[in-house]
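To start, the structure under review is shown below, and the notes come after it.
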Amino acid sequence: MHPAAAAEPVHVVYWEKWVGVEGQAAQAVIDTFNRSQDRIIVDYYATSVPDRKTLVATAGGDPPDIAGLHEQNIATFADAEVLQPLDDFIHREGLTNEEWLSRYYPVYAKICTHGGHIYAGISTPAVEALYWNKTLFREAGLDPDRPPRTLAEFNDYARRLTRHDPKTGRLTQVGFLPQDPGWWPWIFCDWFGGRLVEGNRITFATDPHNVAAYAWMQSFTKEYGLENVKALSSEFGPWASPAAPFFTGKIAMVFQGVWYDNYIRQYKPGLDYGVGPWPENVPGVKDFAMAEADVLTIPRGAKHASEAWEFIKYLNSANPNAQSREELQGAELMDFLQLKNSPLRVWSPYFTNHNPHPHIAMMRLLSASPNATCVPQIGIWQEYYREVISSFDRVRLMDATPEEALAYSQARLDASWTRYRKSLERHGQWAALGETAP
């Protein structure tokens, strides 16, 4: 027997966060990839906090071959030299970085890059949209098929969808609360036309649009009353449960991700709801949206980096001519099974026309929007995010004015960013970031 024919396949170690339905979908895609060739076997290991474990394992010289991370990890991990750039692999495919990135909608291409390098491929994308309860719209005398189109309309709808107990005055239903789910207060700054980072400066408190966004978030507490909000919130169950406020009708409008339909099917089947774009807030900025992504990366020191790249390449491609479920490949197979949108510009006929997600066309429209945005690629984002949440809590609980809360966080972030930049300079990394540095 020829020696090459007897060679054992290379086992690629892949750490990922998914369990349950998402984990089953990932395993199905991996099985399809493993069957498609005989050189590589991807071994899937579901693990909690893969970001932290990847940091520790890489520092110890024994990282996985593929680490499944979130988009907000990329800049921090890249600056810490935990990740291997994918540029050389892409160039070996005969492509420039720009040619490789052109397969994605722009917002997902942006997610994959930092400092002029490509550090990740998309495992699954997400995009956030406005969800509304059509039954509650009807009860409030609103057209259930017409979501609010402007911020003024959104505020008006929120008031008309709010209910109090006529005997006790207790709040029983609200049109909207910015703390549900409360994961992304920063996105409201972008929605108001603000910037969290401008050039090499932190602009959390210095951009007046950010202050206006926080004032808007605080306005709901002012209008409903803090004690009323606390009392109503005490009745809210976890967001992924039958007792979630959107499922019980205690909140009429929420901003949620493409995945939300999965939870509606599971916890509130039959819910009459709509999905649409974010209302226009800044004049002329239509189809504003927030995009996220789970990403695939190769840690530095990975034993089988070339083979890891082959799987990443597979999961960031698709069969553009797929006419059946069996013909779906790569990105489309994963996104079809997880009921998510594809990050790729080109969708196959089957993925487009037979998608199980009832609002996939809206998710595609928002993904493709030139006004879709994502977290800034800044190495201190995790700390920045904590300050965003801290300021949000202080403002919504009436512990500080927006100006006070943001100014306090700005001072802390300025000090942290100065220390971080000096560290990059000492290690010769700041100059390498060049004009791409935030």
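Taken together, the values in this text are just the output of simple stated rules run on the coordinates, not laboratory data. Please read these numbers as outputs of a predicted model, since none were measured by experiment. Positions of Cβ are generated from backbone atoms using ideal geometry, with glycine treated the same way; all protein chains shown enter the neighbour counts.
Approximating the spin labels as points 7 Å out from Cα along Cα→Cβ, the T32-to-D272 distance works out to 3.6 nm. The Kirkwood radius of the stretch 163-281, taken over pairs of alpha-carbon atoms, gives through the Stokes-Einstein law at 25 °C and 0.890 mPa s a diffusion coefficient of 153 µm² s⁻¹. When the chain is modelled as a GNM with alpha-carbon springs shorter than 10 Å, which of Q37, Q410, Q256 fluctuates the most? The residue with the greatest mean-square fluctuation here is Q37. Of the residues L177, L86, L226, the one that moves most in a GNM of the chain with alpha-carbon contacts below 10 Å is L226.
Computed over the chain with a Gaussian network model linking Cα atoms closer than 10 Å, the most mobile of R160, R52, R394 is R52. Taking only alpha carbon atoms, the stretch 2-55 gives an Rg to Rh ratio of 1.10, where Rh is the Kirkwood radius. Net charge dipole, the chain: roughly 920 debye, given to the nearest 20, about the Cα centre with Cβ charges of +1 for Lys and Arg and -1 for Asp and Glu. Can you grab the distance from the C-alpha centre of the stretch 186-211 to the C-alpha centre of the stretch 261-331, Å, no decimals? Result: 27 Å between the Cα centres.
The C-alpha radius of gyration of the stretch 106-166, expressed as a fraction of 2.2 N^0.38 Å, stands at 1.82.
Put in line by how crowded their Cβ is, counting other Cβ atoms within 10 Å and starting with the fewest, D335, D287, D145, D190 read D145, D287, D190, D335.
Count Lys and Arg as plus one, Asp and Glu as minus one, and take only other residues whose Cβ is under 12 Å from that of H304; the net charge is then -2. Any idea which of S102, G193, Y157 is furthest toward the positive side of the dipole for the stretch 64-217, if Lys and Arg beta-carbons carry +1 and Asp and Glu beta-carbons -1? The listed residue farthest towards the positive side: Y157. Between the stretch 45-97 and the stretch 114-165, the alpha-carbon centres lie 33 Å apart. Note on the chain: dipole from Cβ charges, positive end direction compared against Y385, F137, I360; the farthest Cα belongs to F137. Taken over the chain, the convex hull of the Cα atoms encloses 154 Å³ per residue. Dividing the summed helix terms, -39500 (n - 2.57) for each DSSP H run of n ≥ 4, by the number of residues in the chain produces a 222 nm estimate of -12500 deg cm²/dmol to the nearest 500.
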